[in-house]
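Working notes, beginning with the structure itself.
The values are calculated or read from the model by the stated rules, or taken from the named source; none is laboratory data. All figures in this text were calculated on a predicted structure; none of them were measured in a lab. For neighbour counting, all protein chains shown are included, and Cβ atoms are generated from backbone atoms with ideal geometry for every residue, glycine included.
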Amino acid sequence: MQGFQVAPRRTIILAVSVITIFIILFKFYGDVPVDYYRNYGPGETLQLFPVKVDNEKPQPGYFKAQPEWNFDIPATAKGWKGYAKTPRSRDIVVLTASDGGGHNSQIPNVLERVLQDRQAYCDKHGYTNLWLNTSRYDIGDAHRTWSKIPAVAEAFYLYPNAEWVWLIDTDIIIMTPDVSLADDVLAPAAIKKGLMRGTPILDGQLKKNPTNIFTPKDFRVEDIDILITQDHQSVNTGSTFFRRTAVTRWILEMMADYTMLMGQDHVGAEQDAIKHLMLEHQLVRNHVGIYPQRKFNAYVQGGDNMGYRDGDLAVHFAGCWVGGKCAEWFEEFWGKKGHKDQWRPAGQH
Ligand SMILES: *[C@@H]1O[C@H](CO)[C@@H](O)[C@H](O)[C@H]1NC(C)=O
């Protein structure tokens, strides 16, 4: 008789437990996709809750004392010899580091407009769009553009799984949103095929001032931690990719060294910092890849190496303030973003 009573009770308890488990599973299903755990690598920080970006929080007393500067590096990226893999879309952060001021403010609502546009681009591909107000960083007496460096560090800090951060200036329009950062720019195959080898690193115009310093003829994709382009004068930091590695962290530290670089009178500001580090250190050159300029930093004007052509990912209004053309050029290109017709064919200036 005893046995008859125990058996149904156990069955009921079991059934209730199973139902409870399913209720809990369904409650959270959708919040955290199963695929998140499937691709979750050991050593990654599990990030389940939305990131809180606090653009009001000052970074006083020299930003290096702040936790936001102290971003972490996974074990796979701690050595000189890094790793190479195509990043997952959600591990790419598109970073606009700006206080909304500067010469770009000639363009009506420029920050608001590009941020909205970048959000649409990020939504299309699954990237993270991030704006950090650079007024918050205490950079001493250095020119305001140096504050892009702590912003890159903070992006890695805020998104502990971010593998690549694309730092793009406000005066850049994404013209061809079909271009995939993961596949076309950051994938090992793209880097291997696309980087310029044995190309002179410029310090002013080459003819006037040849440096006789070149990018490596051969490189390991695993070593490439920063992707940048070069115009006719110098590398340009308006559009730059940073990979979360110890080498990137170290290069950012060096760029922001107040005594040697950031506190010195450099006309090109943070751009001079990376240029000088590249010119002086083979070690840095080995870790910074130079793509042809139009890969992600075409200018409004220029020949086939430099000027925007149909199909290029982005256009940069670098130097537009010189002729007071910022607003005019910006509107012209803004009206053509995402276009599929023939507009600026190769060879036409
Ligand atoms: C960035 O922060 C500064 C200082 O708090 C503020 O004056 C400025 O308006 C902010 N920029 C934007 C675009 O909100």
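Does any residue of segment 286-304 turn out to be at pLDDT 95 or above, farther than 28 Å from residue 176 by Cβ and of a type in the set (A, V, I, L, M, F, W, C)?
Checked segment 286-304: no residue is at pLDDT 95 or above, farther than 28 Å from residue 176 by Cβ and of a type in the set (A, V, I, L, M, F, W, C).
Residues in segment 66-77: is at least one in contact with a strand residue (DSSP E or B) (Cβ under 6 Å, 6 or more places away or on another chain) and at pLDDT 95 or above?
no
Look at segment 318-341 and say how many of its residues are under 24 Å from the mean Cα position of the chain (by Cα) and modelled with pLDDT under 90.
2
Quick one: is residue 167 under 21 Å from residue 306 (Cβ atoms) and touching a strand residue (DSSP E or B) at 6+ places or on another chain (Cβ under 8 Å)?
Judged against the criteria, residue 167 is a match.
Rundown of residues vs (1) under 22 Å from residue 211 (Cβ atoms); (2) surrounded by 23 or more Cβ atoms within 10 Å (Cβ to Cβ), yes/no style:
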residue	(1), (2)
236	yes, no
254	yes, no
258	no, no
265	yes, no
298	no, yes
302	yes, no
305	yes, no
315	no, yes
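Does residue 162 satisfy the criteria of being under 13 Å from the mean Cα position of the chain (by Cα), assigned to a loop (DSSP other than H, G, I, E, B) and more than 16 Å from the ligand (Cβ to nearest atom)?
yes
If I go through segment 48-63 residue by residue, how many of them are surrounded by 10 or more Cβ atoms within 10 Å (Cβ to Cβ) and within 12 Å of the ligand (Cβ to nearest atom)?
Matching residues across segment 48-63 total 5.
Within the bounds of segment 104-118, is there any residue that is at pLDDT 95 or above, closer than 23 Å to residue 57 by Cα and not in a helix (DSSP H, G or I)?
No; the residues of segment 104-118 include none that is at pLDDT 95 or above, closer than 23 Å to residue 57 by Cα and not in a helix (DSSP H, G or I).
Name the residues in segment 224-247 that are assigned to a loop (DSSP other than H, G, I, E, B) and among the hydrophobic types (A, V, I, L, M, F, W, C), would you?
Across segment 224-247, the qualifying residue is only 224.
When you go through 194, 126, 140 one by one, which is the residue that is more than 16 Å from the ligand (Cβ to nearest atom), among the small types (Gly, Ala, Ser) and farther than 24 Å from residue 294 by Cα?
Result of the check over 194, 126, 140: 140.
Pairs under 7 Å by beta carbon, first residue assigned to a loop (DSSP other than H, G, I, E, B) in segment 48-65, partner within 11 Å of the ligand (Cβ to nearest atom) and among the polar types (S, T, N, Q), six or more apart or different chains?
Short answer, once both residue conditions are applied: 55/133.
Only residues that are more than 16 Å from the ligand (Cβ to nearest atom) and in a helix (DSSP H, G or I): list them for segment 66-87, please.
If the condition is that a residue be more than 16 Å from the ligand (Cβ to nearest atom) and in a helix (DSSP H, G or I), then 67, 69, 75, 76, 77 are the ones that fit.
Out of segment 88-110, which residues are among the hydroxyl-bearing types (Ser, Thr, Tyr) and within 12 Å of the ligand (Cβ to nearest atom)?
96, 98, 105
When residue 118 is evaluated against the numbered criteria (1) in contact with a strand residue (DSSP E or B) (Cβ under 9 Å, 6 or more places away or on another chain); (2) in contact (Cβ under 8 Å) with a residue 24 or more places away in the chain; (3) within 14 Å of the ligand (Cβ to nearest atom), which criterion, by number, is the only one it fails?
(3)
What is the number of the single condition among (1) farther than 24 Å from residue 270 by Cα; (2) within 15 Å of the ligand (Cβ to nearest atom); (3) loosely packed, with under 15 Cβ neighbours inside 10 Å; (4) in contact (Cβ under 8 Å) with a residue 40 or more places away in the chain that residue 113 does not meet?
With (1) farther than 24 Å from residue 270 by Cα; (2) within 15 Å of the ligand (Cβ to nearest atom); (3) loosely packed, with under 15 Cβ neighbours inside 10 Å; (4) in contact (Cβ under 8 Å) with a residue 40 or more places away in the chain applied to residue 113, the lone miss is (3).
Take segment 74-110 and flag every residue that is surrounded by 18 or more Cβ atoms within 10 Å (Cβ to Cβ) and more than 24 Å from residue 172 (Cβ to Cβ).
Result: 74, 77, 82.
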